[in-house]
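What follows draws every value from the coordinates through simple rules; no lab data is involved. From a predicted model like this one, the values you see are computed outputs, not experimental measurements. No Cβ is skipped: glycine too gets one built from the backbone with ideal geometry, and neighbour counts run over all protein chains shown.
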Amino acid sequence: MNPSMKRAIPTAVVALIAILIPLFLNDKTVYVQTVLSAVVVVGLSLFMGYAGQASLGQGAFVAVGALTVAVSTVSFNVPPLIALIAAPVTSAGLAYVLGLPLLRLRGHYLAFGTLAVLLLVGALMGGVPILGGGAGIVGIPSLGIGSLVVTGQLFFAYLALAVLAVTMVVSRNVISSRFGRGVRAVAGSESAAASSGVPVLRTKLAVFALAGGCAGLVGGITAFFIPYVSAESFPPSMSFTYVIMAVIGGLGTLWGGVVGAVVVSVLVQALNTISNIPGTPPIVGLILQYAAYAIILILFLLYMPRGLWPTVGDAVKRRLAKRVKRSQTDYSDQHA
Amino acid sequence: MLSITALSRSYGGVFAVRDVSLVVGQGELRGIIGPNGAGKSTLMNLISGQTQPLRGSIHFDGARLERIPTHRRARLGIAIVFQGARLFRGMTVLENVMVGATSITQSGAFAAALRLPAQRREEHHIRERAVAALARVGLSDWADRPADSLPLGQQRRVQVARALAGAPKLLLLDEPASGLRAAERRDLSDLIAQLHGEGMTIVLIEHDVAMVMKLATRIAVLDLGQVIADGTPEEVRSNQRVIDAYLGTEVSRAHS
Ligand SMILES: Nc1ncnc2c1ncn2[C@@H]1O[C@H](COP(=O)(O)OP(=O)(O)OP(=O)(O)O)[C@@H](O)[C@H]1O
Ligand SMILES: [Mg+2]
């Protein structure tokens, strides 16, 4: 077996497990939401991990994608499939336009700028009638072409999985290309990148738009899945969850985004189960969740700043390297 | 090829570069020397686009450079090796050098996402150029190491390879020999002479005056942001103002 096939085995196993899981779940809502948040986080990881920027506003682009679907189908009778395609395009376009002024900011300022976008989108969703204005938008049609309509959770589970797979492949291709090296170079030294021929602002804009597009597609799918769009169903706090997922999984790695999304989703589910024990007041769940976020974020930044995926991955690699070395020394001992 | 006219740049009211005029001809190896803080790096940054001039103009191959952004100047054929290391963290030595070929290639994110044939061909071409550039600076064995794990001397050579990967017409070298050991200095000096021999136009800033005297066809001397002498190595060496301002001890040491 050649090395590239050998390396593909773990991926194939993970894919198979991911395909099998929804078959054993009665309610697949959490599964769909976890896989979709992984798509957002992989996009965010491109922007934060590879390009070295910061965004606390990814939730805004998810919401805009959902709004695109909800408003265009309900108010303008746009066919569902067109609306779904329009979702990532709208979010990516918005990210690009907002990025023009925002991406001139750096570090904390950029984080605050994206946070402002998030709050603005939330306020618009809560107040403007055509965007749902408080009551939310209901009556989003089922996804389909003409009379051929798909419904059912299993479809959404596999749609989400397929979108994640495509996102991963595209992201990997992009990162290991001329453009992707430019992205990583910008994170390392903007001046050296520019003088090597990398258009710094345009590169950041492209990655921001790409991450926004990922978020918009997720929003669009979510709108068809729930199918209801309101300020409450896309709370600003999701933005922080995405950042926490990215940090815990490991910024600057694609698989880290997936690992982070899964770990945090499982954790949130566990906390929900605790707070759903009869007799606990409803606010407990939210408090537990925020407390857990704070604690794991602090613990990770202190003890595993690179995140789960790179840290565990390196440990495994070291183990393997040691074993190979040992078998080599055994060999030379015998033949000395 | 490069023509600088009455160029000025100030920081907080103090001139770092003041009324500097300088011509660098095609294929010339131009040395720039001067004491610390004379404005040598500032002049380089003005040429490559890291900072903007207060007054004056820079012409390169018939184009006015001042309004052209840095990355487009790279596409015009200007490469710079910075005084510090300025490598790309988190990337291997080879990847760092591959970034240097950005200025002579085209393919974008979309072609990469789909792995279009033209993109893959170009990727192959970039890799070949980077491998060749690494071989030229003697770092072939280090290709897959993380760039920031290298000792300073090697990091400087990675920067030189990165610049060469873009096949520059004008190579700006800002103290490339600082922090290098004697043997490394000799190799670097040989490499610069070779590149010059191949017709590359080079601007070399160095505190190693003996090295500049040996390599340069013409030398400009900066002091307090101004050109105080400009001529052949012999002319500069015997210029009284230069000896007073900078050379004094260095030349007598080089000749003893
Ligand atoms: N970004 C900056 N902000 C403020 N002052 C600066 C900046 N860059 C350079 N200067 C000032 O401009 C003057 C010239 O600096 P420059 O780095 O060009 O000198 P140099 O000749 O390269 O010196 P060295 O030989 O030490 O590298 C110095 O007085 C320096 O303090
Ligand atoms: Mg300097």
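Considering only alpha-carbon pairs that sit under 8 angstrom and 6 or more positions apart, the relative contact order computed for the range B:128-256 is 16 percent.
Against chain B, whose longest principal axis comes from its Cα atoms, helix B:152-165 is set at around 70 degrees. The relative contact order of the range B:89-167 comes to 54 percent, based on Cα pairs under 8 Å that sit 6 or more residues apart.
What is the magnitude of the charge dipole of chain A about its Cα centre, with +1 placed on the Cβ of each Lys and Arg, -1 on the Cβ of each Asp and Glu, and no other charges, expressed in debye to the nearest 20? If you can, show how the numbers build up before the last one.
Working: 19 positive and 6 negative charges, 256 e Å.
Around 1240 debye, computed over chain A.
The magnitude of the dipole of the protein assembly as shown, with charges of +1 and -1 set on the Cβ of Lys/Arg and Asp/Glu and taken from the Cα centre, is near 600 debye. Estimated at 0.36 nm per residue, the fully extended path between A:R326 and A:R7 surpasses their Cα-Cα distance by 112.6 nm. Considering only A:G126, A:L143, A:L205, and ranking their Cα positions along the charge dipole of chain A that arises from unit charges at the beta-carbon of Lys, Arg, Asp and Glu, the one farthest toward the positive end is A:L205.
Between B:K214 and B:Q106, the simple label model (points 7 Å from Cα in the Cβ direction) yields a spacing of 4.4 nm. The simple spin-label model puts a point 7 Å past each Cα toward its Cβ; for B:I68 and A:L25 those points are separated by 5.5 nm. The simple Förster model, with R0 at 30 Å and r as the Cβ-Cβ distance, assigns A:L120 and A:S147 a FRET efficiency of 0.15.
Taking the Cα centre of the range A:149-239 as origin, work out the dipole magnitude from +1 charges on Lys and Arg Cβ and -1 charges on Asp and Glu Cβ, in debye rounded to 20.
Values: 6 positive and 2 negative charges, 90 e Å.
The dipole of the range A:149-239 has a size of about 440 debye.
Per-residue 3J(HN,Hα) values for the range B:117-132, derived from phi via the Karplus relation 6.51 cos²θ - 1.76 cosθ + 1.60 with θ = phi - 60°, read x, 4, 5, 5, 4, 5, 4, 4, 4, 4, 4, 4, 4, 5, 4, 5 Hz in sequence order (x marks Gly and Pro). Straight-distance candidates among the aspartates and glutamates for linking to B:K214, with alpha-carbon spacing under 20 Å and chain neighbours fewer than 8 residues away dropped: B:E28, B:D174, B:E175, B:E184, B:D187, B:D190, B:E198, B:E206, B:D230, B:E234, B:E235, B:E250.
On full extension, the segment bounded by B:D148 and B:R115 gains 8.9 nm, given 0.36 nm per residue less the C-alpha separation.
Averaging 1/r across all pairs of distinct Cα atoms in the protein assembly as shown and inverting the result yields a Kirkwood radius of 27.1 Å. The GNM of chain A, with springs linking C-alpha atoms under 10 angstrom apart, assigns the highest mean-square fluctuation among A:A185, A:A111, A:A270 to A:A270.
Using a/c under 1.5 as the rounded threshold, could you call the range B:37-88 rounded, prolate or oblate? The axes a ≥ b ≥ c are square roots of the C-alpha gyration tensor eigenvalues, and prolate needs a/b larger than b/c, oblate otherwise. Provide the component values of the computation, followed by the final result.
Working: a/c = 2.13, a/b = 1.21, b/c = 1.77.
Verdict is oblate for the range B:37-88.
Comparing Cα centroids, the range A:163-179 and the range A:207-282 end up 21 angstrom apart.
The helix-only estimate of mean residue ellipticity at 222 nm for chain A, built from DSSP H runs of length n ≥ 4 each weighted as -39500 (n - 2.57), is -25000 deg cm²/dmol after division by the residue total. The C-alpha atoms of chain B define a longest principal axis, and helix B:182-197 lies at about 80 degrees to it. For chain A, hydrophobic long helices are taken as DSSP H runs at least 20 Å long by C-alpha position along their axis with mean Kyte-Doolittle hydropathy of -0.5 or more; these are A:3-20, A:29-45, A:58-76, A:80-102, A:107-127, A:153-175, A:200-225, A:254-275, A:283-303. Database remark: amide H of B:A229 closer than 5 angstrom to the amide H of B:V221 (H placed geometrically; neighbours at sequence offset of 5 or more, or on other chains; Pro and chain starts carry no H). The Rg/Rh ratio for chain A, using Cα coordinates for both the radius of gyration and the Kirkwood hydrodynamic radius, is 1.01. Rg and Dmax, both from the Cα atoms of the range B:89-167 and both in Å, are 12.8, 39. Along the charge dipole of chain B, Cβ charges K/R +1 and D/E -1, which of B:T70, B:T5, B:M213 sits furthest on the positive end? Looking along the dipole axis, the top candidate is B:T70. Phi angles of the range B:212-227 translate, via the Karplus equation with coefficients 6.51, -1.76, 1.60 and θ = phi - 60°, into HN-Hα couplings of 5, 4, 6, 8, 6, 7, 9, 10, 10, 10, 9, 8, 6, x, 10, 6 Hz per residue; Gly and Pro are given as x. Each of A:E232 and B:Q194 was given a label point 7 Å from its Cα along the Cα-to-Cβ line. The distance between the two points is 7.2 nm.
FRET efficiency for the B:S21 to A:V312 pair, using the beta carbon distance and R₀ = 56 Å, is estimated at 0.40. Taking the centroid of alpha carbons for each part, the range A:41-80 and the range B:162-227 are 50 Å apart.
Give the relative contact order (percent, whole number) for chain A; include only Cα pairs under 8 Å separated by 6+ residues.
29 percent
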